[in-house]
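A short worksheet on the structure shown next.
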Amino acid sequence: MNLSYFIAARYFRSKKKRNFITVLSTISMVGVAVGTMALVIVMSVFNGLEDLIREIFSSFDAELKVEATLGKSFEVSEDWLGGIRDIEGVAILTEVIEDNALLDYNGNQLVGTIKGVSDNFLDQNRFSQGYFWGDTTLGTDKRPAAILGRGVGFFLSVNLKDINIPLKVFYPKAPRSAASLDPSQLYSSDFLDPVAFFSVERQFDDEYIIAPLHFTRDLLNYGDRRTSLEIKVADGYSISDVQDRLKEHLGEEFSVKNTDQQHAGLLRTVKLEKLFVFLTLTFILAIASFNIFFSLSMLAIEKKKDIAVLKAMGAPDRLIQKIFLKQGALIAFSGALVGLVLGYLICLAQQYFGLVSLGISSAVVDSYPVKVVWSDFIWISISVIAITMLASWRPAHIASKVNTITEL
């Protein structure tokens, strides 16, 4: 009777231990799945934000921008501009004069940036993203008009329907005589008709107004000088190829930047944030994978006699290590596969149905943008493999060192 009780108690203790190991292995798999899913979702959100930034800036910036490497402006001529227009792949060339000026509307004043552009500025699909309301025109030679950023219009309290109140623009100039007391010699001024608002990004909305090139040229006294040239690439041509042709044609005196290079600092910041978030979540995934270490350690303790039998039958230490490494890989890869699939499905749902909203009524998009990049899946898989090998190696090493004589 006592022997039967002992056998039953030994059986139940062994069964509880096996159940505990099974539960621990399941928890390990779930932890890896959740961590992998979080990595996929967060990295996809950062990819979506990066693309959104590019789309927003492309509404205001040109596909290619030419600037002088030294100095604020450079001189142009019709023959020189014609040579740029003749470059293969150049569809539209817009001349730009950009400088700071004082804006005055009905007594409200603000220092902003006036951007004088050629008549073909709006032909480059400007303001395709964001919001635009009003007339898509820059007026006439006699009555030049301005398109204002929404923030500028708000600060100045501009009313587009009131055609009787113009926007006055002041620009400082060097006086003809240092002893002059006439304030009119210290600045030049002229009037614009505000006809539209645009809203792309706060950096532009709170600072810029768009005006005709001839108005800005005369007010700022730029003459044949320009601060930049903005170029739209023809359909069917690669932006990088046209950029290389322009660099070769213009030489080292000019820089030619694409949209990413025009905002390299901001995009670099987004990529760095993505990298640090990836490292942080990978660290959390590594902590979750400690359960693999504990479950394999418990398995090695429970299976000491079985390991001893295998070693007595001639199994080398390497075979024992492989068994436990494969057990850890099975747990981790099962969780990683589930996490990758769930993360991908959630990203698809967010992309098509907008499950999580930004909660900002004036935002350009209603929900968090996501973009699945398959290279992220590769890096996540590599991380899971590395973490699994680190978590499984120690228990596998311990299991391979079981003493056959002692256990048998």
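The values are calculated or read from the model by the stated rules, or taken from the named source; none is laboratory data. This one's a predicted model, so the numbers in the text were calculated from it and none came from an experiment. Please note: Cβ atoms are built from the backbone with ideal geometry, for glycine as well, and neighbour counts cover all protein chains shown. With ligands, DNA and RNA removed, areas are computed over all heavy atoms of the protein, side chains included. Shrake-Rupley method; radii C 1.70, N 1.55, O 1.52, S 1.80 Å.
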Go through (1) touching an Asp or Glu at 6+ places or on another chain (Cβ under 9 Å); (2) more than 19 Å from residue 85 (Cβ to Cβ); (3) surrounded by fewer than 22 Cβ atoms within 10 Å (Cβ to Cβ); (4) of a type outside the set (S, T, N, Q) and name the single condition residue 201 misses. (1)
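Okay, residues lined up against (1) over 35 Å from the mean Cα position of the chain (by Cα); (2) of a type in the set (Phe, Trp, Tyr):
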{"position": "104", "(1), (2)": "yes, no"}
{"position": "108", "(1), (2)": "yes, no"}
{"position": "119", "(1), (2)": "no, no"}
{"position": "132", "(1), (2)": "no, yes"}
{"position": "139", "(1), (2)": "yes, no"}
{"position": "144", "(1), (2)": "yes, no"}
{"position": "151", "(1), (2)": "no, no"}
{"position": "154", "(1), (2)": "no, yes"}
{"position": "161", "(1), (2)": "yes, no"}
Restricting to segment 239-257, what's the tally of residues that are open to solvent by less than 50 Å² (accessible area, probe 1.4 Å) and either in contact (Cβ under 8 Å) with a residue 12 or more places away in the chain or assigned to a strand (DSSP E or B) (or both)? 7
Sort out which residues of segment 294-317 are free of Cβ contacts under 8 Å to residues at least 12 places away in the same chain and outside any helix (DSSP H, G or I), and write them in order of number. 313, 314, 315, 316
Restricting attention to segment 126-165, the residues that are free of Cβ contacts under 8 Å to residues at least 40 places away in the same chain and not β-branched (Val, Ile, Thr) number exactly 7
State whether the residues of segment 178-195 include one that is open to solvent by 20 Å² or more (accessible area, probe 1.4 Å) and either under 25 Å from residue 49 (Cα atoms) or among the basic types (Lys, Arg) (or both). no
Residue among 69, 113 that alone is under 30 Å from residue 250 (Cα atoms), open to solvent by less than 10 Å² (accessible area, probe 1.4 Å) and in contact (Cβ under 8 Å) with a residue 12 or more places away in the chain: 113
Out of segment 151-174, which residues are part of a loop (DSSP other than H, G, I, E, B) and aliphatic (A, V, I, L, M)? 158, 160, 163, 165, 174
Listed residues 50, 88, 75; which is farther than 30 Å from residue 218 by Cα, touching a Lys or Arg at 6+ places or on another chain (Cβ under 7 Å), acidic (Asp, Glu) and touching a residue at least 24 places away in the same chain (Cβ under 8 Å)? 88
Hits in segment 72-101 - residues which are farther than 17 Å from residue 214 by Cα and either buried (at least 16 other Cβ atoms within 10 Å of the Cβ) or in contact with a strand residue (DSSP E or B) (Cβ under 8 Å, 6 or more places away or on another chain) (or both): 84, 85, 89, 90, 91, 92
Within segment 383-390, can one find any residue that is assigned to a helix (DSSP H, G or I), open to solvent by 80 Å² or more (accessible area, probe 1.4 Å) and polar (S, T, N, Q)? no
Of everything in segment 116-147 that's of a type in the set (Val, Ile, Thr) and open to solvent by less than 20 Å² (accessible area, probe 1.4 Å), which residue is nearest to residue 217 (Cα to Cα)? 117
For residues in segment 42-57 being aliphatic (A, V, I, L, M) and open to solvent by 40 Å² or more (accessible area, probe 1.4 Å), which is farthest from residue 128 (Cα to Cα)? 42
Taking first residues from segment 207-236 that are within 15 Å of residue 76 (Cα to Cα) and in contact (Cβ under 8 Å) with a residue 60 or more places away in the chain and second residues anywhere that are part of a loop (DSSP other than H, G, I, E, B) and open to solvent by 70 Å² or more (accessible area, probe 1.4 Å), the pairs with Cβ under 9 Å that are 6 or more apart or on different chains are 214/141; 217/224; 225/72; 227/72
What's the number of the only condition in (1) modelled with pLDDT of 85 or more; (2) surrounded by 13 or more Cβ atoms within 10 Å (Cβ to Cβ) that residue 280 fails to meet? (2)
